[in-house]
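For reference, the structure discussed in these notes is given below.
The values are calculated or read from the model by the stated rules, or taken from the named source; none is laboratory data. These numbers come from a predicted model, not from an experiment. Cβ: placed from backbone, ideal geometry, glycine included. Neighbour counts: every protein chain shown.
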Amino acid sequence: MFKEVTDFIKTTFQTQDFIPLHEPRFIGKEKEYLADCIDSTYVSSVGKYVDEFEKRIRDYTGAKYAIATVNGTAALHTALILAGVNEGDIVITQALCFIATSNAISYQKAIPLYIDVDKKTLGLSPEKLAEYLHENVVRKNDGYSYHKSSGKKITACVPMHTFGHPAKIDEVAKICADYNIVLIEDAAESLGSTYKEKQTGLYGKIGAYSFNGNKTITCGGGGMVVTNDEVLGKRAKHITTTAKVPHRWDFVHDEIGYNYRLPNINAALACAQMENLDLFISKKRELAKQYYDFFNNKEIMFVSEPENSKSNYWLNSVLLNDRDERDKFLSYTNDNKVMTRPVWTLMNKLEMFKNCPKGNLDNSEWIEDRLVNIPSSVTNV
Ligand SMILES: *Cc1c(COP(=O)(O)O)cnc(C)c1O
């Protein structure tokens, strides 16, 4: 069976050479815009491409405000600051997640609280979230929710759209609203994925995207904060650009700010990539369909997009029967020049986060034992 899989992947990607998990494609105006950017000398913290990139993200997603940042982690950190997350607060997130989310929470000296994911969507489970909050939260007179056992304020919730598959984000949003918890969407992996016809990243008060080299589109490194809230949008721009008060020559900064602005040269690359985003997503969806057909009625299960959603299929994944079979599959494929990867080690098992509060994580554990990502680059362009 494993040989059938590697043969299929080699045929699909039309090569006998090493097949990476995800590589970028530069088939548009990348070189043209980069050359223009270099010729202009505006390669750094100011320039027209940053404004253009932000505009293109606004146009594409429908967000009222889009603020480009140096990477997705910086976008998440900015989002947490905007949400008012302070030292000692609790921020809800997923145990099954890339490290960046828990890192960003830690930069604010806040504490991640790990809630289980949904087996179908791989994103935060609204049922598990509601159950945990019902049992472990008290509402105080100030209107906020507090964690019963520690007394800490639960300020924000950061669900993630795993591998591009939308979580049940409307249900999560409803629960957060009921408990007065700010919803921040980690949409780093899901640019272009929609849930109930609306872009992921826009269900929350604030959303964050990533344009790292391995994401659906890339600008080398980069991120974006999106929001429909004018106050937050303006504040995001302010704090990511050293909190400088606009003036023709004076340097006055009115709070401690961050140098999180995306360089113009990265934005030039991003503008070219944006022009092919829809093409890339359609090609990725075609590849997912081929995988779906191949794995149909086989003992390895392909992970399809959840109900009510259209996934960008950033990374395709399969589920093996158990951890032992997973490890055999990882060895066989990687030995045979097909790159595959297990899902991340659960956050609550890492040294830095092992003492953080958590709910029941049965689904996360189940997925951790079985899930493997398979090659997902855009093909046939
Ligand atoms: C990629 C990613 C980020 C941000 O990563 P950067 O490398 O900082 O751009 C954040 N969260 C998740 C879930 C990611 O996959």
Note to self: I need a count of the residues in the range 335-368 that are closer than 28 Å to Ser193 by Cα and free of Cβ contacts under 8 Å to residues at least 24 places away in the same chain.
What the structure shows: 2
Checklist line | Qualifying position, being surrounded by fewer than 17 Cβ atoms within 10 Å (Cβ to Cβ) and either among the hydrophobic types (A, V, I, L, M, F, W, C) or in contact (Cβ under 8 Å) with a residue 60 or more places away in the chain (or both), among Phe13, Phe18 | finding: Phe18
Next item on the list: Please indicate, with yes or no, whether at least one residue in the range 277-290 is assigned to a loop (DSSP other than H, G, I, E, B), of a type outside the set (Lys, Arg) and modelled with pLDDT of 95 or more.
Entry: no
Notebook entry, point to check: Under 9 Å by Cβ, and 6 or more places apart or on different chains, what pairs join a residue from the range 63-82 that is under 15 Å from Asp186 (Cα atoms) with one that is within 11 Å of the ligand (Cβ to nearest atom) and of a type in the set (Lys, Arg)?
Noted result: Gly72/Lys215
Note to self: Restricting to the range 308-334, give me the number of residues that are in contact (Cβ under 8 Å) with a residue 60 or more places away in the chain and over 17 Å from Leu21 (Cα atoms).
What the structure shows: 5
Next item on the list: Hey, can you tell me all the residues within the range 105-128 that are free of Cβ contacts under 8 Å to residues at least 40 places away in the same chain and closer than 24 Å to Thr73 by Cβ?
Entry: Tyr107, Gln108, Lys109
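Every residue, every condition in (1) more than 14 Å from the ligand (Cβ to nearest atom); (2) touching a helix residue (DSSP H, G or I) at 6+ places or on another chain (Cβ under 9 Å), yes or no:
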{"site": "Ile181", "(1), (2)": "yes, yes"}
{"site": "Glu185", "(1), (2)": "no, yes"}
{"site": "Gly204", "(1), (2)": "no, yes"}
{"site": "Ala208", "(1), (2)": "no, yes"}
{"site": "Thr218", "(1), (2)": "no, yes"}
{"site": "Thr227", "(1), (2)": "yes, yes"}
{"site": "Glu230", "(1), (2)": "yes, no"}
{"site": "His247", "(1), (2)": "yes, no"}
Next item on the list: Mind listing whichever residues of the range 120-138 are within 18 Å of the chain's Cα centre (by Cα) and of a type in the set (D, E, K, R)?
Entry: Lys120
Next item on the list: Could you tell me whether the range 56-63 includes any residue that is touching a strand residue (DSSP E or B) at 6+ places or on another chain (Cβ under 7 Å) and among the basic types (Lys, Arg)?
Entry: yes
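Yes/no matrix, rows are residues, columns are (1) more than 22 Å from the chain's Cα centre (by Cα); (2) not basic (Lys, Arg):
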site: Lys244; (1), (2): yes, no
site: Asp250; (1), (2): yes, yes
site: Pro263; (1), (2): no, yes
site: Cys271; (1), (2): no, yes
site: Phe280; (1), (2): no, yes
site: Met301; (1), (2): yes, yes
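For every residue, the table says whether it meets (1) under 21 Å from Leu124 (Cα atoms); (2) loosely packed, with under 15 Cβ neighbours inside 10 Å.
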| site | (1), (2) |
| --- | --- |
| Leu279 | no, yes |
| Lys284 | no, no |
| Tyr291 | no, no |
| Asn296 | no, yes |
| Asn312 | yes, no |
| Asn316 | yes, no |
| Thr333 | no, no |
| Val343 | yes, no |
| Lys358 | yes, no |
Note to self: Please go through the range 62-95 and give me each residue that is within 10 Å of the ligand (Cβ to nearest atom), aliphatic (A, V, I, L, M) and surrounded by 21 or more Cβ atoms within 10 Å (Cβ to Cβ), ordered by number.
What the structure shows: Ala74, Ala75, Leu76
